[in-house]
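Data first, discussion second: the structure below is written as structure tokens.
FYI, it's all coordinate maths here, none of it is from the lab. Note that this is a predicted model, so its numbers are computed, not measured. Virtual Cβ from ideal backbone geometry, glycine too; neighbours counted across all protein chains shown.
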Amino acid sequence: MSARAEETESKENAEFRREVRAWIEANKPSHPGFKLPQSFLEVESERQFTFLRDWQRKVFDAGYLGLDWPAEYGGKGDPHKRQRIVSQEISRASAPFLVNVIGLQWAGPTILAYGTEEQKKRYLKPILSAEEIWCQGFSEPGAGSDLASLTATAEPTDDGWVVTGHKVWTTLAHFASWMILLARTDSQAHKYAGISYFLFPMDAPGVTVQPLVKMTGEGGFNQVIFDRAPMKKSALLGQLGQGWQIAMTTLTFERGAAEGTGGGSATPSESSVRAVAQLAKRVRREGRPAADDPVIRDRLAQLWITEEALRLTGQRARTAGLNMEDRPLATRLMNKVVYSELGQQLTELACEALGPDAGLWLGDPCAPDKAEWPRAYMNSFGVTIGGGTSEVQRNIIGERVLGLPKTK
């Protein structure tokens, strides 16, 4: 958040921001001495996970998570939307991200919207404290962009359900206690109507988690195979056959189009124009700083314009009277596309500024900034895919927000 924007905050929120900033400065953990993931998409080792889980628990114990959630579910019941301030200050300080992103950002708000009183009391507080980690069982090998084509099934039994099927790109499944799961419960119904939404226990028998390795050599993604894995009747969230509607609510949170999350950020460690500009001043090409290249300077200027427009649009999206009543999600859904693509453009430009040194990888003592920039560039593709690819997002904005005809 810019200094200019901070000046317009209420006195109460400005004081809260100073409090949070001071706490983070005093409690931010030092680097542990081993490679840390750039986002929740790359958490692969037990020591990475433990380090990040302990940090989230510390933030929770300090009272800075779940500020918008009701107190009876572990939150604070704060009506002033201060959770955004905490997330901004964590990012500003380059503090570690909160590892239970799927629980905080997607599962928790969805349970708040559709869960029974028993489900809310059972699941929400352990999400905030990181006692129970969540993963997402939506995508399948044959159902990614066309999610409604999923084939995983949940068959009823006397005391619950059994799940059979195959989920993929399941981030954090190897550490998760629970999964938000979409499964087909009626094969005869229309494909959208035959899906239900479950809160699935990952320790159930018949569940196999298989790690997947990305092009960076890192883990974090998994595929999950269900072989008649059981779950209780109480695992159903909402009504039978309501899964598609509930999933769209989850994706609204995942795409950053709604507030009310428990805290943290679903995006990778921030790559800002300022950081890339500082890199371009440090690295040299043909004996001169890369920042002297007029092409690089021009691209930095264009990306700064995008970054600033994105910040201002985010403020507009939260301001009553500045959103069209008939298209309330327009700016928020656009922000998802722009933010994810901006991160990719910034890290690509950083690699161009590095020149041949961008080919040096992790562990190479000659790699500038320990090869974090080329690593961030390759990891940026996961952000433009997760939550709906940029192409899918543009179709959603065009057809469902702007009312344009479908392309043929």
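Ranked by Cβ crowding within 10 angstrom, fewest neighbours first, how are Cys351, Cys366 ordered?
Cys366, Cys351
Only four residue types carry charge here, +1 at the Cβ of Lys and Arg and -1 at the Cβ of Asp and Glu. Report the dipole size of the chain about the Cα centre in Debye, rounded to the nearest 20.
520
Taking GluC sites (Glu not before Pro) that fall in a DSSP loop and have at most 11 other Cβ atoms within 10 Å as cut points, what is the longest piece of the chain between them?
Between exposed loop sites, the widest span is 1-285.
Roughly how many debye, to the nearest 20, is the charge dipole of the range 154-261 about its Cα centre, given +1 on each Lys and Arg Cβ, -1 on each Asp and Glu Cβ, and no other charges?
Result for the range 154-261 is approximately 200 debye, rounded to the nearest 20.
Among Trp361, Trp161, Trp69, which one shows the highest mean-square fluctuation when the chain is modelled as a Gaussian network with alpha-carbon springs under 10 Å?
The residue that fluctuates most here is Trp361.
Taking 0.36 nm per residue of sequence separation and subtracting the Cα-Cα distance, how much length would be gained by fully extending the chain between Lys28 and Glu46, in nm to one decimal?
4.5 nm
Roughly how tilted is helix 294-317, in degrees to the nearest 10 and between 0 and 90, from the longest Cα axis of the chain?
Around 40 degrees separate the two axes.
What is the helix-to-structure angle for 83-92, meaning the angle in degrees between its Cα long axis and the longest Cα principal axis of the chain, kept from 0 to 90 and rounded to the nearest 10?
Compared with the principal axis, the helix lies near 40 degrees.
Taking the chain as the reference, fit the longest principal axis to its C-alpha atoms, fit the long axis of helix 11-27 to the helix C-alpha atoms, and give the angle between the two in degrees, 0 to 90, nearest 10.
80
With the calculation restricted to Cα positions, what are the radius of gyration and Dmax of the range 135-241 in angstrom?
In Å, with Rg to one decimal and Dmax whole: 13.4, 46.
Could you list Tyr192, Tyr114, Tyr197 so that the one with the fewest beta carbons within 10 Å of its beta carbon is first and the one with the most is last?
Ascending number of Cβ neighbours within 10 Å: Tyr192, Tyr114, Tyr197.
Quick one: if the Förster radius is 35 Å, what FRET efficiency do Glu391 and Thr319 give, using the C-beta to C-beta distance and rounding to 0.05?
0.75
Roughly how many nanometres apart are two label points built 7 Å out from the Cα toward the Cβ at Ala71 and Gln242?
The modelled label-to-label distance comes out at 2.8 nm.
Only helical DSSP H runs with n ≥ 4 go in: add -39500 (n - 2.57) per run for the chain, normalise by residue count and round the 222 nm mean residue ellipticity to 500 deg cm²/dmol.
When only DSSP H runs of four or more count, the value is -12500 deg cm²/dmol.
For Met179, what residues show an amide H to amide H distance below 5 Å, using hydrogens built from the backbone and excluding near sequence neighbours?
Cys135, Phe200, Met202
Quick check for you: which residues of the range 223-250 have the amide N under 20 Å from the point 7 Å beyond the Cα of Gln210 toward its beta carbon?
223-230
Say each of Thr407 and Asp298 gets a label point 7 Å from the Cα, pointing the same way as Cα to Cβ; how far apart are those two points in nm?
Modelled inter-label distance: 2.8 nm.
Taking neighbour counts of Cβ atoms within 10 Å as a proxy for exposure, in what order, fewest first, do Lys232, Lys406, Lys35 appear?
Lys406, Lys232, Lys35
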